[in-house]
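Below is one structure, written out as structure tokens; the observations come after it.
The values are calculated or read from the model by the stated rules, or taken from the named source; none is laboratory data. Since the model is a prediction, treat every value here as computed from it, not as a measurement. Quick reminder, even Gly has a Cβ in these numbers, built from the backbone with ideal geometry, and neighbours come from all protein chains shown.
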Amino acid sequence: STDETTDIVRSFAAHGKRARLYAFPWTGDFSAAKNFALGKAHGNWIAFLDADETFSDASIPRIRPLVKRLHPVVHVIGVMCRLVNVDPNDHNRFIGASAQLRLFRNVSSMRYIGRIHEALSVPKSRTIELTRDIEIIHTGYAASIVAAKLRRNLDLLLEKIAAQGGTPTPRDERYLMDCYYGLGEHDKAIAYADQALTHRASMEDAVPHLHVIRVSAFLYGKRPFDEVIASMDAAIADCPEIADFQMMKGLYLYEHGDYVASLADIERAEAVHAQYGTDAQSIVDNYERFAASSWWVRGSIAHLRGDEDAACAAWLEALRAERRHAPALQHLVAALTKGGAPAADIIVLLNGLYDSASDDAAFLAAALEMIGGPIYIYYATRAKRPETAATYLAAGRYDAAQATAADDLDWWYKCGIADAVAQGIAREDSPLRLLLSETYRTAWQDLAQGNPTSRLAKAIGRISFPRKDEA
């Protein structure tokens with residue numbers, strides 16, 4: 001442990017709470033560490049979360065009643081919970097969901113196996129209950145840490161494969177696919193996905209995931225159009241009960257200008273999704289990640305057809321699904337403004353979606369800057385944005401916009417020359433000097449000669465950091 005966890009446990013123990021602290025030196029084996037912890041647990045039931053997981057606020061009061069209900073049902077040994085992956089670096093954007101066994105009875109037969117991607121061994125005579133009532137938030141795929149985590153996992157996985165004679169198991173191939181895809185090595189990800197799919201009998205539960213990564217590797221690997229479509233068609237044929245692949249195809253076709261086929265695939269995907277039941281399929285439902293894009297496409301196609309009411313309704317749904325969807329916001333505001341909606345009414349609508357007193361105002365101001373007008377001015381003011389040329393233009397203050405733009409240009413002239421001097425490229429014969437006005441060319445020459453005489457050259461020579469906010 002490298003954070004304050006151990007101090008927190010000590011403080012709990014010091015205040016009479018039932019907390020005990022044990023040390024286990026890291027051995028590179030996740031199962032060994034977790035099984036050591038299980039051996040120290042005394043309760044009838046165990047809630048086992050990783051360091052980057054938390055129960056959702058709504059789930060916490062539901063845990064004890066669920067465990068009390070299940071405790072006398074002796075054949076149920078654990079609870080499969082919905083684990084939701086979010087990116088805290090991107091406003092907790094939904095990444096995906098999976099089903100994970102995180103609540104289970106404290107019995108000796110429940111132990112973890114596998115050095116990496118460890119899993120609980122469940123006795124065949126016992127059953128697992130499925131529930132969406134208990135949701136776990138997982139931040140381990142945050143953009144800022146995922147690359148290092150994947151490299152660590154890949155090293156451990158390759159060590160494991162080497163220890164077993166160099167031959168990966170089908171599960172190893174699945175995890176190699178995950179690692180290489182996450183690290184941007186799409187060709188290797190596709191190869192391991194193809195290999196794992198040849199072991200369908202032992203990989204039945206992972207087949208949809210294998211196709212998701214395979215299709216994504218074709219997409220982000222920028223394979224030819226026909227190959228990408230073929231990968232999607234293969235996934236649709238292999239997993240007709242999963243809506244994701246039909247949706248991915250619809251969105252991809254939209255990007256390539258086939259709007260009719262795109263809308264048809266999106267509607268087919270929504271029909272499949274509407275049939276989801278309450279079983280494991282609903283727990284691992286990843287359809288949420290496509291919701292905003294789906295509504296964005298629907299709105300854009302309605303706009304092309306001239307149906308502005310339908311377009312605005314769809315773009316509003318896109319924002320309800322993903323509040324930071326800038327294109328939907330921009331098109332919605334532009335369409336409502338063009339349609340004659342008063343700015344005050346549009347602001348009321350947006351304030352129902354956003355908190356203008358938080359950093360939402362900064363997002364709204366940045367997204368609406370290109371549109372300008374009173375709506376942009378309102379959110380720029382709420383965000384305490386500096387009075388920029390864009391703000392003055394939006395307010396119709398063209399004189400102030402011109403003066404501010406000239407002042408900004410003057411500042412960046414100074415910063416550019418100062419940086420050129422610092423890098424030793426402010427020579428008298430440099431072609432960069434030709435881009436400057438006559439006054440600045442004189443200052444450039446003075447600085448290049450190392451003898452600043454003009455007032456402007458002296459001012460530039462004092463600039464150490466080309467940042468206006470540190471002037």
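Summary table below
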quantity	calculated
Count - residues of the stretch 199-215 that are in contact (Cβ under 8 Å) with a residue 12 or more places away in the chain and out of contact with any helix residue (DSSP H, G or I) (no Cβ under 7 Å at 6 or more places or on another chain)	2
Positions within the stretch 182-226 being over 17 Å from K249 (Cβ atoms), modelled with pLDDT under 95, part of a helix (DSSP H, G or I) and not hydrophobic (A, V, I, L, M, F, W, C), in sequence order	G182, R200, S202, E204, D205, H209
Enumerated helices (runs of 4 or more DSSP H) restricted to the stretch 328-395, each holding at least 3 residues that are at negative phi, in contact (Cβ under 8 Å) with a residue 24 or more places away in the chain and not charged (D, E, K, R)	343-351, 360-368, 373-382
Selection from the stretch 127-159 of residues that are surrounded by 15 or more Cβ atoms within 10 Å (Cβ to Cβ), assigned to a helix (DSSP H, G or I) and free of Cβ contacts under 8 Å to residues at least 60 places away in the same chain	V146, K149, L150, N153, L154, L157, L158
Any hit, the stretch 379-397, residues being closer than 30 Å to D307 by Cα and assigned by TED's automatic domain parsing to the domain that holds G306	yes
Boolean, S98 is outside the structural domain of R320 (by TED's automatic domain parsing), surrounded by fewer than 16 Cβ atoms within 10 Å (Cβ to Cβ) and of a type in the set (S, T, Y)	no
Conditions (1) of a type in the set (A, V, I, L, M); (2) without any contact (Cβ under 8 Å) to a residue 24 or more places away in the chain; (3) in a loop (DSSP other than H, G, I, E, B); number of the one not met by A230	(3)
Cβ-Cβ under 7 Å pairs, at least 6 apart or on other chains, the stretch 242-268 side under 10 Å from V297 (Cα atoms), far side of a type in the set (D, E) and crowded, with 18+ Cβ neighbours inside 10 Å	G250/D265
Some residue of the stretch 203-219 being surrounded by fewer than 17 Cβ atoms within 10 Å (Cβ to Cβ), of a type outside the set (G, A, S) and over 26 Å from Y287 (Cβ atoms)	no
Single unsatisfied condition, S109 versus (1) surrounded by 16 or more Cβ atoms within 10 Å (Cβ to Cβ); (2) in contact with a Pro (Cβ under 8 Å, 6 or more places away or on another chain)	(1)
Residue in the stretch 344-393 that is nearest to the chain's Cα centre (by Cα), counting only those that are acidic (D, E) and within 25 Å of L409 (Cα to Cα)	E369
Residue check, A420 over 30 Å from G372 (Cα atoms), surrounded by 13 or more Cβ atoms within 10 Å (Cβ to Cβ) and modelled with pLDDT of 75 or more	yes
Some residue of the stretch 60-76 being surrounded by 13 or more Cβ atoms within 10 Å (Cβ to Cβ), over 25 Å from D178 (Cβ atoms), touching a Leu at 6+ places or on another chain (Cβ under 6 Å) and not assigned by TED's automatic domain parsing to the domain that holds L158	yes
Whichever residue in the stretch 1-59 is within 26 Å of H71 (Cα to Cα) and β-branched (V, I, T) and, among such residues, is surrounded by the fewest Cβ atoms within 10 Å (Cβ to Cβ)	T54
Residue check for F12: out of contact with any strand residue (DSSP E or B) (no Cβ under 6 Å at 6 or more places or on another chain), among the aromatic types (F, W, Y) and within 16 Å of Y112 (Cβ to Cβ)	no
Test set (1) at pLDDT below 75; (2) within 15 Å of A459 (Cβ to Cβ) - K414 fails condition number	(1)
